[in-house]
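First up is the structure itself, then whatever we jot down about it.
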């Protein structure tokens, strides 16, 4: 007997937890994550520790940006079931990294990597890069505004470097000696004032760099200036003390890097760097963010290709270490040129040795941050089918310059400015009472992305207004409005590709308390049955929420049927349904004394003509199948 009783209790518990899980799933699917968590936890208390329940607890917390709790529940799922699917594993790793448990995340990443070879999300992974997952999940379109600068000439202009309100560049616009290769004058260094006024930038008139010690009759180009503005590195043809070209045995003159100091606002004290040589070229200087390392390009022996990028330490006493090749993670058999290091230590350079759009393309790499993954082609519109090079960026402003010989320019090479930003729009609206059309204040409005994750939350003001000032273009969002004593309202919107567009989504929340009743959608029962279905439970949760919000509220429940069937049977059926409804509300933690009565009235209180023997439509009969929740005490 005890065994049979225990088996029966287990069956009942299993049935209860299954129903709670189904109800929790319904709330989860409708973005009701808080309620879903409560119900999944209740199912867990009743013995349902299935992978579905545990990972859904993880998902609900993850989507609600509760990384610590998400990590806990995903971890519990793994402990219980040894293995969870790749999607949940990936979210587990993200949650761990979000709360700073990088070693644990890395351990599980290796597990995922071994099991999911070829998963595109695994590309570019680096355990030292703490924002890898935000980058992997980010899908925002970047808008890039590019402008051919007004001071470009009919000859070559390239190699920008901005410092202290001035833009330095190389140009062959002068009237000096002509270079046989392109029949243009030799390159000199120029400077132009840059005046920034908000989003507007104005450029002065370019002038040759006012330093007789810098520009010669031959080539000068590609500069770098230290953070303190006192030291200038630049590239120059190999010239002797009489400023004549030096040639090697094959009759080739090579490039060298020189250094100058700022003295009394004039560049002077030009010296050649010690790692130059007469038999190979050294040029295109660039400084690390801390100015302790100099990067340059050279075709010296021992490299990987035609030209490679090297680094050399700058010692505290001003001396230099030994040049080191950056290795095969950067250099190829082709040409790597024009390095630049941004404030955040990203290395940018141009190359024709990687897959590209044609000729030189601009690439970026995190190798200086310890990431040995392949360099990334930064793509169009920076890159074209022509030479694109000499990239300079202010990473704080996401603006800068690059050079290109693409068509429709003004000269051989032109300098282009750029500024990049996300394509973003605005989403606003008004939350109103559905019955009165009056604005509702203190409505919680959640913005939910396509994956179901809550990405922002605001509250309506006294006029019922809400606004999300920055949402992404070309995305689908769900907007959910919630307020105590009201049913949630949710709307979907798909944004366009138009930058700075304003979108309007109004919300209409239906009040749950109307006069002396709690009003919810009709509760449906299966034919000839009185057990509470999942869809009915979903509606009854509104009753539970109202009564939790008003802890002294007392109600009574009435249940009614249509006229079909025997009168006495309908009376008993409606009474069973009323009491099933009462029992469900009590099971959700509402004290039984707060429900004064639960009575069925059968077909004794019809709302229309549809009595026995009267032909009516299904809709007319449905009007009579109803439940009332009267408020007796508030």
Acute angle (nearest 10 degrees) that the helix 567-587 long axis makes with the longest principal axis of the chain, alpha-carbon atoms
40
Place a point 7 Å from Cα of residue 328 in the direction of its Cβ. Which residues in segment 282-302 have their backbone N less than 16 Å from it?
302
Ranked by Cβ crowding within 10 angstrom, fewest neighbours first, how are 219, 284 ordered?
219, 284
Looking at the chain, what % of its DSSP beta bridges pair antiparallel, to the nearest 5?
90
Please compute the volume of the convex hull spanned by the alpha-carbon atoms of segment 142-422 and report it per residue in Å³.
138
Taking only the alpha carbons of segment 428-509, the radius of gyration and the largest Cα-Cα distance, Dmax, both in angstrom, are 12.4, 38
Using a simple spin-label model with points 7 Å from Cα along the Cα→Cβ vector, what separation in nm is obtained for residue 354 and residue 408?
2.7
Using 0.36 nm per residue of separation minus the Cα-Cα distance, give me the extension gain between residue 83 and residue 49 in nm, one decimal.
10.8 nm
I need to check one value: relative contact order of segment 513-633, counting alpha carbon pairs closer than 8 Å and at least 6 residues apart, in percent.
37
Given R₀ = 30 Å, what would the calculated FRET efficiency be for residue 217 paired with residue 301, taking r from the Cβ atoms and rounding to 0.05?
0.50
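Relative contact order for segment 428-509 using alpha-carbon pairs under 8 Å, separation at least 6, rounded to a whole percent? Walk me through the numbers before you get to the answer.
Working: 187 pairs, mean separation 28.3, N = 82.
Worked out over segment 428-509, it gives 34 percent.
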Acute angle (nearest 10 degrees) that the helix 102-115 long axis makes with the longest principal axis of the chain, alpha-carbon atoms:
80
Segments 416-426, 263-273 sorted - mean Cβ within 10 Å per residue, highest first:
416-426, 263-273
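If r is the Cβ-Cβ distance from residue 373 to residue 396 and R0 is 30 Å, what FRET efficiency results, to the nearest 0.05?
Rounded to the nearest 0.05, the efficiency is 0.80.
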Rounded to the nearest 500, the 222 nm mean residue ellipticity computed for the chain from DSSP H runs (n ≥ 4, each -39500 (n - 2.57)) alone is -7500 deg cm²/dmol
P(r), alpha carbons of segment 60-118 - 10 Å bins starting at zero, rounded %
25, 59, 17
I'd like to compare 478-489, 460-471: which one has the highest average count of other Cβ atoms within 10 Å, and what's the full order after that?
478-489, 460-471
Rounded tilt (10° steps) of 2-29 against the dominant C-alpha axis of the chain
50
Going fewest to most other Cβ atoms within 10 Å around each Cβ, 476, 534 line up as 476, 534
To make sure I understand, if each residue's beta carbon is the centre and we count other beta carbons within 10 Å, what order do 52, 254 fall in, fewest to most?
52, 254
According to a simple spin-label model (label point 7 Å from Cα along Cα-to-Cβ), what is the distance in nm between residue 344 and residue 102?
1.6
What FRET efficiency comes out for the pair residue 632/residue 451, r = Cβ-Cβ distance, R0 = 35 Å, nearest 0.05?
0.20
Take the alpha carbon gyration tensor of segment 348-404, find the square roots of its eigenvalues, order them as a ≥ b ≥ c, and report rounded if a/c is under 1.5; if not, report prolate when a/b exceeds b/c, else oblate.
oblate
Work out how much length residue 146 to residue 203 would gain on full extension: take 0.36 nm times their residue separation and subtract the Cα-Cα distance, in nm to one decimal.
19.0 nm
Which entry in (1) 1.18; (2) 0.97; (3) 0.99 matches Rg/Rh (Cα atoms, Kirkwood Rh) derived from the coordinates of this structure?
(1)
What is the spin-label model distance, in nm, from residue 266 to residue 319 if the labels are put 7 Å beyond Cα along the C-beta direction?
3.2
Cut-off 19 Å, label point 7 angstrom out along Cα-to-Cβ of residue 436: give me the residues of segment 544-575 whose amide nitrogen falls inside.
546, 550
Over the chain, what is the relative contact order in whole percent, taking alpha-carbon pairs under 8 Å and six or more residues apart?
8
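Each reported figure results from applying straightforward, stated rules to the coordinates on display, with no laboratory input. No experiment lies behind these values; they were computed from the predicted model shown. So basically every Cβ, Gly included, is an ideal-geometry build from the backbone, and we count neighbours across all protein chains shown.
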